[in-house]
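A.B. asks: I am attaching a structure below and will ask some questions about it afterwards.
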Amino acid sequence: MTIVTGVTARVPAKLNLQLAVGPPRGDGYHDLVTVFHAVSLFDEVTVEPAGQDTVTVTGEGAGTVPRDGDNLALRAVAALRKRARGGNRTAGVRVTIAKRIPVAAGLAGGSADAAAALVACNELWTVGLTPQRLAELAAAIGSDVAFALLGGTAVGRGRGERLTPALAPATQYHWVLAFAEGQLSTPQVYAALDRLRASQEAAPPADQQPGLDAGLMSALRSGDAALLGQALSNDLQPAALSLYPALRKTLAAGLELGALGALVAGSGPTCVFLAASAERALELAVSLSGAGVCRSVARVTGPVPGAAVVPAQG
Ligand code: C5P
């Protein structure tokens, strides 16, 4: 008999190829239409049986991840335990998060860790929840958690948790991520957007729903990176730029260096650039890091699958 001591799940970061934000709702959220795209920057989350729930974080930005009840991975563990009602079997877990996705960077790293914790505990405790049931739990933990489970490219509606996979050819896109110094708080960026819209009298009417960009979807269907580059859009970008003006220089530098498109990732402050090929991405990454317009760079590809258990060695 094999004794399972721990389970590790790997989970990708997300980009938003379109992020259209509607007016604020009564519950503090905004209705949105977004095109999520999972990319090859992965966190790994390991869960092992323990006396009580604890979390240890290593890697990128480890010092800034909450270790208490605010930790999304711990919240995911608690949510699955409640659902599983497994007695001793679902007693405490030691959660170890190996981070490569920067914290509060617009790449849904915390949501990714929650999705990985769900998948890993589902396996560790042999709960056997279906992807559909896991997605329902995910939506209650955070707006981006369900997509971190699904991966690929998908349209998100509602808070972002109502997902429809995008039908698109198996094109692989090459992206360069420019990581910024510091972080941006997602609620603060949404609040800045509401203020900007109010001051410009550009607030959408309360009953106006954001719409999916047909041009972007057609670019995805054609697999044409140049078209996709032109179609990238993010309603949160002006708000992120108002809070972090130096990002303008980063975006401009990437476009000058030949990127097919550039935008702020989600609520920022990471900047995202689309390159025409793996070679162009390498050139762009080298030039951007030499230009002194960001803290560091990473080359990634997408789409990639969502959170999945890493097969045990041996
Ligand atoms: O769902 P999540 O915890 O990731 O959201 C963080 C914050 O971002 C929310 O508390 C809210 O202020 C803002 N948000 C929003 N509308 C969304 C998603 C997030 O206003 N659709």
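The values are calculated or read from the model by the stated rules, or taken from the named source; none is laboratory data. The shown structure was predicted, so the numbers you read here are calculated from the model rather than taken from an experiment. A quick note on method: Cβ atoms are made from the backbone with ideal geometry, for glycine too, and the neighbour counts reach across all protein chains shown. What goes into the accessible areas is simple: the full protein's heavy atoms, side chains included, and nothing from ligands, DNA or RNA. Shrake-Rupley method; radii C 1.70, N 1.55, O 1.52, S 1.80 Å.
A.B. asks: Can you tell me how many residues in the stretch 55-87 are at pLDDT below 95, hydroxyl-bearing (Ser, Thr, Tyr) and within 17 Å of residue 115 (Cα to Cα)?
C.D. replies: Residues meeting the conditions: 0.
A.B. asks: Answer yes if at least one residue in the stretch 87-100 is surrounded by fewer than 19 Cβ atoms within 10 Å (Cβ to Cβ) and closer than 13 Å to residue 14 by Cβ, and no otherwise.
C.D. replies: Taking every residue of the stretch 87-100 in turn, none turns out to be surrounded by fewer than 19 Cβ atoms within 10 Å (Cβ to Cβ) and closer than 13 Å to residue 14 by Cβ.
A.B. asks: Go through the stretch 294-314 and count every residue that is in a loop (DSSP other than H, G, I, E, B), under 16 Å from residue 40 (Cβ atoms) and of a type in the set (A, V, I, L, M).
C.D. replies: So the count comes out to 3.
A.B. asks: Return the only residue of 81, 94, 75 being over 13 Å from the mean Cα position of the chain (by Cα) and not in a helix (DSSP H, G or I).
C.D. replies: Numbers: 81 fails: not in a helix (DSSP H, G or I); 75 fails: not in a helix (DSSP H, G or I).
Matching residue, one of 81, 94, 75: 94.
A.B. asks: Then there is this: Search the stretch 71-82 for residues that are in contact (Cβ under 8 Å) with a residue 12 or more places away in the chain and pair each with any residue that is aromatic (Phe, Trp, Tyr) when their beta-carbon atoms are under 9 Å apart and the residues are at least 6 apart or on different chains.
C.D. replies: 80/125; 81/125
A.B. asks: Out of 151, 128, 86, I need the residue that is in contact with a Pro (Cβ under 6 Å, 6 or more places away or on another chain) and closer than 29 Å to residue 6 by Cβ. Which one? Give the derivation first.
C.D. replies: Working: 128 fails: in contact with a Pro (Cβ under 6 Å, 6 or more places away or on another chain); 86 fails: in contact with a Pro (Cβ under 6 Å, 6 or more places away or on another chain).
After ruling out the rest, the residue left standing is 151.
A.B. asks: Within the stretch 151-168, is even one residue under 15 Å from the mean Cα position of the chain (by Cα), closer than 16 Å to residue 41 by Cβ and open to solvent by less than 10 Å² (accessible area, probe 1.4 Å)?
C.D. replies: The answer is yes; a qualifying residue exists.
A.B. asks: Let me ask you something else. Tell me, yes or no, whether the stretch 179-199 has at least one residue that is open to solvent by 80 Å² or more (accessible area, probe 1.4 Å), under 30 Å from residue 284 (Cβ atoms) and not acidic (Asp, Glu).
C.D. replies: Taking the stretch 179-199 and keeping what is open to solvent by 80 Å² or more (accessible area, probe 1.4 Å), we get 181, 183, 187-188, 195, 199.
Adding the requirement that they be under 30 Å from residue 284 (Cβ atoms) leaves 181, 183, 188.
The next check asks that each one be not acidic (Asp, Glu); those that pass are 183, 188.
There is at least one residue in the stretch 179-199 that is open to solvent by 80 Å² or more (accessible area, probe 1.4 Å), under 30 Å from residue 284 (Cβ atoms) and not acidic (Asp, Glu).
A.B. asks: Restricting to the stretch 264-293, name every residue that is outside any helix (DSSP H, G or I) and surrounded by 23 or more Cβ atoms within 10 Å (Cβ to Cβ).
C.D. replies: Matches in the stretch 264-293: 264, 265, 266, 267, 268, 269, 270, 271, 272, 273, 274, 275.
A.B. asks: May I ask you to list the residues in the stretch 162-212 that are under 27 Å from residue 222 (Cβ atoms), more than 16 Å from the ligand (Cβ to nearest atom) and part of a loop (DSSP other than H, G, I, E, B)?
C.D. replies: Of everything in the stretch 162-212, those that are under 27 Å from residue 222 (Cβ atoms), more than 16 Å from the ligand (Cβ to nearest atom) and part of a loop (DSSP other than H, G, I, E, B) turn out to be 166, 167, 168, 169, 170, 171, 172.
A.B. asks: Tell me yes or no: at least one residue of the stretch 55-63 is within 12 Å of the ligand (Cβ to nearest atom), surrounded by 13 or more Cβ atoms within 10 Å (Cβ to Cβ) and either in a loop (DSSP other than H, G, I, E, B) or more than 18 Å from the chain's Cα centre (by Cα) (or both). Outline the logic, then answer.
C.D. replies: Residues of the stretch 55-63 within 12 Å of the ligand (Cβ to nearest atom): none.
Checked against the condition, which is being within 12 Å of the ligand (Cβ to nearest atom), surrounded by 13 or more Cβ atoms within 10 Å (Cβ to Cβ) and either in a loop (DSSP other than H, G, I, E, B) or more than 18 Å from the chain's Cα centre (by Cα) (or both), the stretch 55-63 yields no hits at all.
A.B. asks: Still on this structure, I have one more. Select from the stretch 136-148 the residues that are open to solvent by 30 Å² or more (accessible area, probe 1.4 Å) and away from the ligand (no atom under 11 Å from the Cβ) and list them in ascending order.
C.D. replies: To start, the set of residues in the stretch 136-148 that are open to solvent by 30 Å² or more (accessible area, probe 1.4 Å) comprises 136, 140, 144.
The one that is open to solvent by 30 Å² or more (accessible area, probe 1.4 Å) and away from the ligand (no atom under 11 Å from the Cβ): 136.
A.B. asks: Can I ask one more? Could you identify the single residue in 226, 219, 239 that is within 16 Å of the ligand (Cβ to nearest atom), open to solvent by less than 70 Å² (accessible area, probe 1.4 Å) and in a helix (DSSP H, G or I)?
C.D. replies: Working: 226 fails: within 16 Å of the ligand (Cβ to nearest atom); 219 fails: within 16 Å of the ligand (Cβ to nearest atom).
The unique qualifying residue is 239.
A.B. asks: Would you mention how many residues in the stretch 249-263 are touching a helix residue (DSSP H, G or I) at 6+ places or on another chain (Cβ under 6 Å) and open to solvent by 20 Å² or more (accessible area, probe 1.4 Å)?
C.D. replies: Adding up the residues that qualify gives 3.
A.B. asks: Could you list, in sequence order, all residues of the stretch 117-135 that are touching a Ser or Thr at 6+ places or on another chain (Cβ under 9 Å) and surrounded by fewer than 22 Cβ atoms within 10 Å (Cβ to Cβ)?
C.D. replies: Across the stretch 117-135, the qualifying residue is only 127.
A.B. asks: A further question follows. How many residues, within the stretch 40-54, are over 24 Å from residue 150 (Cβ atoms) and either in contact with an Asp or Glu (Cβ under 7 Å, 6 or more places away or on another chain) or part of a loop (DSSP other than H, G, I, E, B) (or both)?
C.D. replies: Of all residues in the stretch 40-54, those over 24 Å from residue 150 (Cβ atoms) come to 48-54.
Pick out the ones that are also either in contact with an Asp or Glu (Cβ under 7 Å, 6 or more places away or on another chain) or part of a loop (DSSP other than H, G, I, E, B) (or both) and you get 50-53.
The qualifying residues number 4.
A.B. asks: Please go through (1) farther than 27 Å from residue 264 by Cβ; (2) within 16 Å of the ligand (Cβ to nearest atom); (3) touching a helix residue (DSSP H, G or I) at 6+ places or on another chain (Cβ under 6 Å) for residue 18 and return the number of the only condition it doesn't satisfy.
C.D. replies: (1)
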